Structure formats: C-alpha cells, structure tokens
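S.K.: One structure follows; several queries about it will come next.
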Amino acid sequence: MADCVRLRYVIDGENFTSAGEASVKVKRSLRQMGFSPEVIRKVSVAMYEGEINMVIHARGGVATVDVYEDRIVIVLEDEGPGIPDIPLAMQAGYSTAPDNIRSLGFGAGMGLPNMKKYTDDMKIESVVGKGTTITMTVNV
Amino acid sequence: MKISEIASLLNAEVLCGNGELDREVKSACGCDMMSDVLAFVKEQAVLITGLCNPQVVRTAQMMDMVCIVFVRGKRPPKEVVELAEKADIVVLATNERMYVACGMLYQSGLSGGGVVNG
Ligand SMILES: Nc1ncnc2c1ncn2[C@@H]1O[C@H](COP(=O)(O)OP(=O)(O)OP(=O)(O)O)[C@@H](O)[C@H]1O
Ligand SMILES: [Mg+2]
C-alpha cells in the first residue's frame, strides 16, 4: 500500500438528485493531483456510470478510489439485488431500468459497456440477493 | 464555432457563463440518454438535450464539455444552472426542438465529431 491515496464515498441510494456527486469530487481531486485530462476523464466517466448504477439499480453503496502513481483502482460495492446474468448485462443496449429512470436520461443499457471501454481492467462479482462489487483499473 | 454563434443561431437565452461566449466549440452531441453522451469522446463539445436534471450537468462535466443547450423552451431549475456555473459550463436555452436545433448547428458547420464506437 505504499504511496496510495484512498478516497471513499458513501453513495446515497435514496436521493437521485445527488447521484454523481462522488464522481465529481473524484474528478476534482485527480485534477489537483495533476493527472492528465485523459486519465481523469476515463476514471470519472467509469466511476460516474457505476455510481449511477448503484443508485438506480442497487439502493446505493460505497465507492473507494485508490490512487497510485501508475494506476487508479475504483471499487464500487453495493448490497443491491445482484446481477443474475453478467454477460447479458454487459451487452450494449441491455437494461432493466423502468420508464421513470428512462425519463431521467438513464437506461440506455450503455453504462457497463462504457465502464469496460474506459478502463484497462474491469471485474464484476455479483451474488443475487446479496450485492455486486465492481473493480475497475485505469493505468496512468 | 464560438458559443456566441450557437446562441445567436438558436436565438437562445444565456442562463449562465455570459463571460465565456467567446469559447470555441468543435463538436456536438444531441441526446437525451446520458450513457450515449458518455460513450462519445470529443474535445470542446456542446451537449444539446431536452432533459433538465442535475445529471445532465454532471454528465457534461465528466466529459469536459463546455456548453449545454436546453431545447424545446425548457428552463432548468435554478440548482441545475448553479451546478453548471460551478463547473464552468455555459448554459443556453432555446425554444427550438432538438431536431431543428441540431440541424441548424450542423448546417452552419458544427460537426458531430467522433464515431461512437471509435
Ligand atoms: N450495481 C448493480 N446492481 C444490480 N444490477 C445492476 C447493477 N449495475 C447494473 N445492473 C444491471 O445491468 C443492467 C445494465 O447496466 P448498464 O449500466 O449497462 O445499463 P443501464 O444502467 O440499464 O442504462 P444506462 O447505463 O445506459 O443508463 C442494468 O439495467 C441492471 O439490470
Ligand atoms: Mg447504467
């Protein structure tokens, strides 16, 4: 754990208005730490998608961002319903979001594909009825 | 294209960022699905949307977009404009509909920018 800065946020699952705030904070911190705009964008978009997913699909959770010199690791943990079929959920366009979420601008089924696209490594662990942990790494 | 040109082409009201209308915009994305916006990487882009919630601003912020245009005469709530102001994003509001607003900007030389699955 040498030279690691840890950022940690509790994501409120009850409040859609605040969804995305943690990602905004991470973006600001990474900018202060002097990372390149491209690295910052990758991290913040991937985390933002994951943060929104935790709010709309999993009643919130906890986000941890470990910043190393050569990589940034984002861990998103929730105790939501879990993802029964991960390969299906990863497909572009697949979404279980209800109409009220769609009317807020989410539910295109592009979040998980975006998270994969913007990160160098992504791992999903999920147990139905227990929750989901997503670990993403962006190399600097 | 300068943001000021976008504002005049769309006869738009400037809701915040009046001092930054000289900023240059190079591409645009017209979209109501935020993850579609997030799939799109381009520098100095403008987001044209009919949605008015805080996530629109945060989405634009994540993508380093410089301007948001709200179409169809929608006026976002005050908190949403304040969020944009804090994020250094210019906010415009036009009565034009999405299709027309995008068409006008495209015709005037503002391109769509990159390919989504690039
Ligand atoms: N943390 C999670 N807990 C439970 N289910 C999830 C979680 N994240 C994603 N899912 C499931 O995977 C599906 C696909 O997620 P994805 O983020 O790709 O799309 P979406 O959230 O439905 O729409 P978009 O991200 O485009 O707004 C979701 O509709 C949901 O069924
Ligand atoms: Mg999603």
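The values are calculated or read from the model by the stated rules, or taken from the named source; none is laboratory data. A quick note: this is a predicted structure, and the numbers were derived from the prediction, not measured. Here the Cβ positions follow ideal geometry from the backbone for every residue, glycine too, while neighbour counts run over all protein chains shown. For accessibility, only protein heavy atoms count, side chains too; no ligands or nucleic acids. Shrake-Rupley method; radii C 1.70, N 1.55, O 1.52, S 1.80 Å.
S.K.: Can you tell me which residue within the stretch A:93-128, out of those that are among the hydrophobic types (A, V, I, L, M, F, W, C) and more than 8 Å from ligand 1 (Cβ to nearest atom), is nearest to A:Ile52 (Cα to Cα)? Explain how you work it out, then say what you get.
M.R.: The initial filter retains those residues of the stretch A:93-128 that are among the hydrophobic types (A, V, I, L, M, F, W, C), namely A:97, A:101, A:104, A:106, A:108, A:110, A:112, A:115, A:122, A:124, A:127-128.
Okay, now just the ones that are also more than 8 Å from ligand 1 (Cβ to nearest atom), so A:104, A:122, A:124, A:127-128.
Details: A:Leu104: 11, A:Met122: 17, A:Ile124: 16, A:Val127: 19, A:Val128: 19 Å.
Of everything passing the filter in the stretch A:93-128, A:Leu104 is nearest to A:Ile52 (Cα to Cα).
S.K.: At least 1 residues that are out of contact with any helix residue (DSSP H, G or I) (no Cβ under 8 Å at 6 or more places or on another chain) and within 15 Å of ligand 2 (Cβ to nearest atom) in each: list the helices (runs of 4 or more DSSP H) lying fully within the stretch A:15-131 that qualify.
M.R.: Per the criteria, A:37-58, A:86-90, A:99-102, A:111-118.
S.K.: If you check A:Phe35, A:Phe16, which single one turns out to be modelled with pLDDT of 95 or more, open to solvent by 10 Å² or more (accessible area, probe 1.4 Å) and either at negative phi or among the basic types (Lys, Arg) (or both)?
M.R.: Matching residue, one of A:Phe35, A:Phe16: A:Phe35.
S.K.: Another one. Could you go through the stretch A:129-139 and let me know if any residue there is away from chain B (no Cβ under 12 Å), more than 8 Å from ligand 1 (Cβ to nearest atom), surrounded by fewer than 16 Cβ atoms within 10 Å (Cβ to Cβ) and closer than 30 Å to B:Val80 by Cβ.
M.R.: Taking every residue of the stretch A:129-139 in turn, none turns out to be away from chain B (no Cβ under 12 Å), more than 8 Å from ligand 1 (Cβ to nearest atom), surrounded by fewer than 16 Cβ atoms within 10 Å (Cβ to Cβ) and closer than 30 Å to B:Val80 by Cβ.
S.K.: Of the residues in the stretch A:35-53, how many are without any contact (Cβ under 8 Å) to a residue 60 or more places away in the chain and among the aromatic types (Phe, Trp, Tyr)?
M.R.: Matching residues across the stretch A:35-53 total 1.
S.K.: Something else: What are the residues in the stretch B:1-32 that are surrounded by 15 or more Cβ atoms within 10 Å (Cβ to Cβ) and part of a loop (DSSP other than H, G, I, E, B), if any?
M.R.: Once the filter is applied, which keeps residues that are surrounded by 15 or more Cβ atoms within 10 Å (Cβ to Cβ) and part of a loop (DSSP other than H, G, I, E, B), the stretch B:1-32 yields B:Met1, B:Leu10, B:Ala12, B:Gly17, B:Leu21, B:Arg23, B:Val25, B:Cys31, B:Asp32.
S.K.: Open to solvent by 60 Å² or more (accessible area, probe 1.4 Å), within 14 Å of chain B (Cβ to nearest Cβ) and more than 19 Å from A:Gly131 (Cα to Cα), is that true of A:Lys25? Can you show your working first?
M.R.: On the way: open to solvent by 60 Å² or more (accessible area, probe 1.4 Å): yes; within 14 Å of chain B (Cβ to nearest Cβ): yes; more than 19 Å from A:Gly131 (Cα to Cα): yes.
Here the answer is yes, as A:Lys25 does meet what is asked.
S.K.: Based on this model, can you work out whether B:Ser27 counts as in contact with a Gly (Cβ under 7 Å, 6 or more places away or on another chain), at pLDDT below 95 and either under 17 Å from B:Tyr106 (Cβ atoms) or more than 14 Å from chain A (Cβ to nearest Cβ) (or both)?
M.R.: yes
S.K.: Which of the residues belonging to the stretch B:49-80 are hydroxyl-bearing (Ser, Thr, Tyr) and within 18 Å of B:Ala7 (Cβ to Cβ)?
M.R.: B:Thr49, the sole residue that qualifies.
S.K.: So, one more: If a residue must be under 17 Å from A:Met110 (Cα atoms), open to solvent by 10 Å² or more (accessible area, probe 1.4 Å) and within 15 Å of ligand 1 (Cβ to nearest atom), how many such residues does the stretch A:38-60 contain?
M.R.: Final tally of qualifying residues: 4.
S.K.: Just need a number here: residues in the stretch B:81-96 that are open to solvent by 20 Å² or more (accessible area, probe 1.4 Å) and closer than 15 Å to B:Ile6 by Cβ.
M.R.: 2
S.K.: Select from the stretch A:71-91 the residues that are surrounded by 18 or more Cβ atoms within 10 Å (Cβ to Cβ), within 14 Å of chain B (Cβ to nearest Cβ) and near ligand 1 (Cβ under 9 Å from one of its atoms) and list them in ascending order.
M.R.: A:Ala89
S.K.: Same structure again: Under 8 Å between Cβ atoms, which residue pairs at least 6 apart in sequence (or on different chains) link something in the stretch A:96-125 that is more than 21 Å from A:Pro84 (Cα to Cα) and free of Cβ contacts under 8 Å to residues at least 60 places away in the same chain with a partner that is within 11 Å of ligand 1 (Cβ to nearest atom) and part of a helix (DSSP H, G or I)?
M.R.: Qualifying pairs under 8 Å: A:Gly105/B:Met34; A:Gly105/B:Gln55; A:Gly105/B:Thr59.
S.K.: Anything in the stretch B:34-86 that is more than 10 Å from chain A (Cβ to nearest Cβ) and among the acidic types (Asp, Glu)? List them, or say none.
M.R.: Correct list: B:Glu82, B:Glu85.
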